[in-house]
Each structure stands twice: as structure tokens, then as C-alpha cells.
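Accompanying notes for the structure given below.
The values are calculated or read from the model by the stated rules, or taken from the named source; none is laboratory data. Here the structure is a predicted model, which is why all the values come from computation and not from measurement. Note that each Cβ is placed from the backbone with ideal geometry, even for glycine, and that neighbours are counted across all protein chains shown. The protein model used for the area step is the full one, side chains on, heavy atoms only, and it has no ligands, DNA or RNA in it. Shrake-Rupley method; radii C 1.70, N 1.55, O 1.52, S 1.80 Å.
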Amino acid sequence: MSASRIGILTGLNGNMATVEFHDYVMQNEVAFILHNDERLKSEVIRVTGSRAELQVYEDTKGLKLGEIVEFTGELLSVELGPGLLGQIFDGLQNPLPQLAEKSGFFLKRGLYLEALDNKKEWEFTPVAKIGQKLKPGEKLGFTHEGIFEHWIMAPFVLKGAVEVEKIAIKGKYNIRHVIAELKDEHGDIHPCSMSQVWPVKVPITSFAEKLKPSRPLTTKIRIIDTLMPVALGGTYCIPGPFGSGKTVLQQLISKHAEIDIVIIAACGERAGEVVETLREFPHLVDPRTKKSLIERTVIICNTSSMPVSARESSVYTAVTIAEYYRQMGLNALLLADSTSRWAQAMREMSGRLEEIPGEEAFPAYLENRIASFYERAGLVRLHDGSLGSVTIGGTVSPAGGNFEEPVTQATLKVVGAFHGLSRERSDARRYPAIDPLESWSKYSSFIEDKEIKAAQAVLKRSYEVKQMMKVVGEEGTSLQDFIVYLKGEFIDDVYLQQNAFDEVDAATIEERQKYVFHVLYEIIKSEFSFEDKNTARKFFQSLRQVFIEWNSSEWRTEDFNKKENQVSEAITYRVIKTM
Ligand code: ADP
Ligand code: MG
């Protein structure tokens, strides 16, 4: 590898640069375009003959043909180590607050900072012994990062087994300090510090095996956990039109889901949205630790000053960090918002490369890229037998909310669960606006199957009656059909909808979901007697009121029992038989 390989800038089309070179150039290696005292980071995305095409991760304004380009021989990489949690990075892993401090409000291009604090000392406790044989990813020792034990592992880039030659004694070291020396099979010595570098486009696979996701990941959002659950190590997508609540839903999940680490890849839809995330996040309180939620979160975001190509790197940087924490036996959740912006960046770069376009001008490899991104999710068994997981949830924002477009379709082919948001529901302020009839999941819920099926059947029939009533009116509907309609609306109002602003209702634990859903099940399979539709409507209206109050009372308190009694009293009076 020669660090002095250079080329000459011979063409520029937006963020696509063409470079002529003499030596050789590697696909996906990082290059820098030198412009005055600026060094603009780029990545080689196509090589033909003596010409390389680069996507530039910076604004290319002012660049001149003939400028020098330096090839590094390295792939686009991130630094992994203690100190990632609580950080806000851009797609190239520059810590944004520090970057802003250095260059003012408008981020200066070509300025790259160390991702992790080099000076901060971390207490290292060794666990590996001299002479011990280790596989890449196995534990050398640990430190503490927030509430977690942060493993310091044999570098993932090593191949085959290594032997511990030296290991530091317990003590405080910074992340540049050599804490171990490992000897590989050829006798070469590899000095290791508490941090390591990994190329973002390559999955980290230093584990024993990948397992089928089988345990539910409790999000505490009832409609999800009950009807269309997510599994630990699984994948799901949230397509929805603009303003239907995708971002709010992602935030609720990052706050309440039973997960260790949350990684957010914010590819802003509007310029202000990323700023909103950054402003709001530090104020969110972690219900588990009562501290700021950001202490177990990493945010990767694109600033509006960054070109589209940076969206791609954010998505990969985010998933790599999630995989890193999975290697420590933790459960990480990656939320990508929105993957459509990433796909649009692909389309733009593909257009500039003059590739043969596929559907809606997206490149032919769109499906492939989306699939390989979601494939990085998974539940894994590590070398020491413990389990770790990466769950990926991505929002998709199709124009006009039309799910028949390439990004939504490609995503639906690979994910395990689909939470489709509907404009109709968000307009009616039925939050979360997930469509209970259109959405699905391949994972199993912790609620009994028989109960779910019963509820789904009522929801479906209720919707049909509702549509029919739009034509024939209430008068043209039988009392029996009308009751089914009311039951469906009732399930929706008291269970599927959840008030994000009510402290108790906002998040429902598994035990409570099982308990309440069972009561709901008893109600929907009961036969009621009503004189007429008006009486039926009034009955469900008042039952709804009591039930919603029940939802707001804290689990297993006196108030909870009181409200539950009110619910059952109201029912017994009207029920003629339980089916
Ligand atoms: P999207 O990301 O789909 O464009 P947002 O998540 O930004 O949409 O939501 C748009 C608006 O809808 C929010 O600002 C909020 O007013 C409202 N909203 C969305 N979800 C909820 C919810 N669960 N509870 C209450 N209001 C919500
Ligand atoms: Mg949004």
C-alpha cells in the first residue's frame, strides 16, 4: 500500500468527481481532494481503466479541474471504543457539537475531528491472561461506559486465533494507550488499544452463529406488541406519508423499548427535523435510569450543509456502531429515519454515473442495497455463549403515501414486520396511526393467538360495516352489524390508540398488555343486548370513557383495581351471554 498514490481531478458533476490516475485504485477506498488548505473526503465508487469515479462527502463548490487527489488505501471506517454513547456524529463520525464549536454555526468543509476523546481515561480491567488464545471479538477486558460494561475486544480485523503476549494491569488509560499485544499465527505482534477501527460497509461477524430472532422486543406500544410485534434481532419498517407520525413513533420507541442501546440515523426530511431531534433528545428522560436518554443513545445525523452522499455513510456508520455493541452481548436498536432519503441519494449518484436506471430512476441495485442493510440486523451467539442483538427499524416516506413505490416495496420484501401509517388515521388523530388491517408481522406476539385472531376479525368486520354505512347510512345497517362496528371502534379507541402525552398510557409493559387484552377479548366475544343503535352507541361511549381512565391509572394500584371494577360492572349489566 502506497500512501502517495495520487490522481488528477478531471471532471466534476455535483458531488461526483472523475479522477485520472497512474498506479492503481481500489474500489471503495477513501480519497481526499486537495483544494488550497482543504482536504475533501471522498470514496471511490467506480473504477474503469485509469479513471476513478468518486463520491465527495462535502460541498464541491470552488473545486477546479487539475487539482490533486490523494488515495489512502483505506475503506471508509469508524472508530469503535468507549465514549461513543451520548455522542452526536455526522455521517463521517465527526462529533457535531465539537465541530460546531470549532467552526461556528456553518460547518466548515474538510474539517475532520477525532470521533472519540483521546485524552479521557477509562478504568480498564483485564480478563484475558498471558498465553491465552483468543478469537477476534473475544474479551481482553472491560471498562464501564454509563450503565454498561463495555468490553474491550480482540480487534475484529484480526484473522484466526491470536495469543495474548502482553496485557495491561487494571488501571486508567486513554483510548490510544496500548493495553494488549496479540500474536497472530504468523508470529506478528498486534498492539491493541481500547478502540479499534472498522470499515462501515462490511458487517462485523466476530461471533459464533446467527440465530433466528424469536423473542419479542417489547416496545410498550400496544398496537405493535400485540398485533404486529418486532423481535429482538429482527427488522421492521414504518412507511407513512409526510406528517403521519413516523418520527414521533421512532422517538417513542427509542424511549420505551426494552433495549440497551439506541442508535439513531437521522437522514432529515426537512432541514429543521434533524435540529428538532438534536434539541429534543437531550431532554428526554430514560424511564429506566431516570437520567437523560442520550446516555445510552448514539445519534448519527446529516446536517443540511452536507451533500446527499453523506446520507449513505450515516446509515452504514450507524449500523456498524450497533453491531459493535452487539459484540458485547447487548441489545441494540437502530432506527433509521428516513431510508427514503438514503435511497434518493443512491438515485442521484447513480444518475450522475449514468447507470442504466431501474424503476422510477432508482438504480437496479436498490433492492440489493436495502436487503444487505437489513441483513446486518440479527440475534447472535457470541464466542462465550452470550447473546447480543441488532434490531433495525427504518421509516420510509413515499411521495403521496403511495406504498407501491420501489423503496417501500424493496423494504417490504426483506423486513419481518410492517407498520404502515395511514393518512386517514393520522388525520383523525388516531395515534399511533399504524393501520391495523394493512400492517403485519412475521414474528410472534406474547399475546395468545386465539385472542389476536378474534380481535383482528372484529376489526376487519367493523371496518367493512363502516365502509358500508358510508353508502347505506346507519338506518340501512342491522343492529347486529352496528354492534360489530362499535366493538371494532372500541378496540381501536381503548387499546390500539395510545396517548403519548399521558405518562402511564404512553408505555404499556408486557404483563399489563396481556392482562388488559384479555379483558378486551372477553368484551369482544360477548353478546350484548340493546334496544336500539342509540343505546348501543351510548353504552360503548361510556365504557370507552371508563376504559381510557383505566389505561391512565398506574398498573396494580388501588385506582387500577377500582377502574377495572367499573369496567366489569358496566359490562355484566349488558351482556346476555359470552360466546
Ligand atoms: P412524519 O415523521 O411522519 O413526517 P411526525 O412524526 O413529525 O411525522 O408527526 C407529525 C405531527 O403529528 C407531530 O408533530 C405531532 O403533532 C403529531 N403526532 C404524530 N404522532 C403522534 C402521537 N403519537 N401522539 C400525538 N401526536 C402525534
Ligand atoms: Mg419524520
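Points to keep in mind about this one:
- Test result for Thr218, closer than 25 Å to Phe281 by Cα, more than 16 Å from ligand 2 (Cβ to nearest atom) and not aromatic (Phe, Trp, Tyr): yes
- Which listed residue, of Glu53, Glu43, is of a type in the set (D, E, K, R), closer than 18 Å to Leu92 by Cβ and either modelled with pLDDT of 95 or more or part of a strand (DSSP E or B) (or both): Glu43
- Every residue from region 434-456 that is touching a strand residue (DSSP E or B) at 6+ places or on another chain (Cβ under 9 Å) and within 20 Å of Asp493 (Cβ to Cβ): Ile434, Asp435, Glu438, Ser439
- Cβ-Cβ contacts under 7 Å between residues 6 or more apart (or on different chains), taken from a first residue in region 558-574 that is at pLDDT 95 or above to a second residue that is part of a helix (DSSP H, G or I) and open to solvent by 40 Å² or more (accessible area, probe 1.4 Å), are listed as Lys563/Glu549.
- Out of Gln93, Gln98, sole residue that is of a type in the set (S, T, N, Q) and either open to solvent by less than 30 Å² (accessible area, probe 1.4 Å) or touching a Ser or Thr at 6+ places or on another chain (Cβ under 6 Å) (or both): Gln93
- Checked against (1) open to solvent by less than 30 Å² (accessible area, probe 1.4 Å); (2) within 16 Å of ligand 1 (Cβ to nearest atom), Gln513 meets all criteria but (2).
- Glu280 satisfies every condition listed in (1) away from ligand 1 (no atom under 16 Å from the Cβ); (2) closer than 16 Å to Ile88 by Cβ; (3) in contact (Cβ under 8 Å) with a residue 24 or more places away in the chain except (1).
- Residue that is over 24 Å from Ile434 (Cβ atoms), among the polar types (S, T, N, Q) and either buried (at least 16 other Cβ atoms within 10 Å of the Cβ) or in contact with a strand residue (DSSP E or B) (Cβ under 8 Å, 6 or more places away or on another chain) (or both), where the choices are Ser553, Ser478, Ser542: Ser553
- In region 73-88, the residues that are closer than 19 Å to Phe148 by Cβ form Cβ pairs under 6 Å with partners that are of a type in the set (Phe, Trp, Tyr), at six or more places apart or across chains, as follows: Leu80/Trp198; Leu80/Tyr324; Pro82/Trp122.
- Residue match in region 198-218 (condition: under 30 Å from Ser426 (Cα atoms), assigned to a loop (DSSP other than H, G, I, E, B) and within 16 Å of ligand 1 (Cβ to nearest atom)): no
- Taken over region 221-260, residues that are among the hydroxyl-bearing types (Ser, Thr, Tyr) and within 14 Å of ligand 2 (Cβ to nearest atom) amount to 3.
- Ala265, sole failed condition from (1) at pLDDT below 95; (2) within 22 Å of Tyr431 (Cβ to Cβ): (2)
- Taken together, Val407, Val415, Val396 contain a single residue that is more than 20 Å from Thr219 (Cβ to Cβ), open to solvent by less than 50 Å² (accessible area, probe 1.4 Å) and either within 16 Å of ligand 2 (Cβ to nearest atom) or touching a residue at least 12 places away in the same chain (Cβ under 8 Å) (or both), which is Val407.
- Inspection of region 377-387 finds no residue satisfying the criterion of being within 12 Å of the chain's Cα centre (by Cα), small (Gly, Ala, Ser), within 16 Å of ligand 1 (Cβ to nearest atom) and outside any helix (DSSP H, G or I).
- Flag for Gly329 being away from ligand 1 (no atom under 16 Å from the Cβ), open to solvent by 10 Å² or more (accessible area, probe 1.4 Å) and either closer than 22 Å to Val56 by Cβ or β-branched (Val, Ile, Thr) (or both): no
- Test for Ser193: is it away from ligand 2 (no atom under 16 Å from the Cβ), more than 18 Å from the chain's Cα centre (by Cα) and open to solvent by less than 60 Å² (accessible area, probe 1.4 Å): yes
- Filter result (among the hydrophobic types (A, V, I, L, M, F, W, C) and open to solvent by 20 Å² or more (accessible area, probe 1.4 Å)) within region 516-527: Val519
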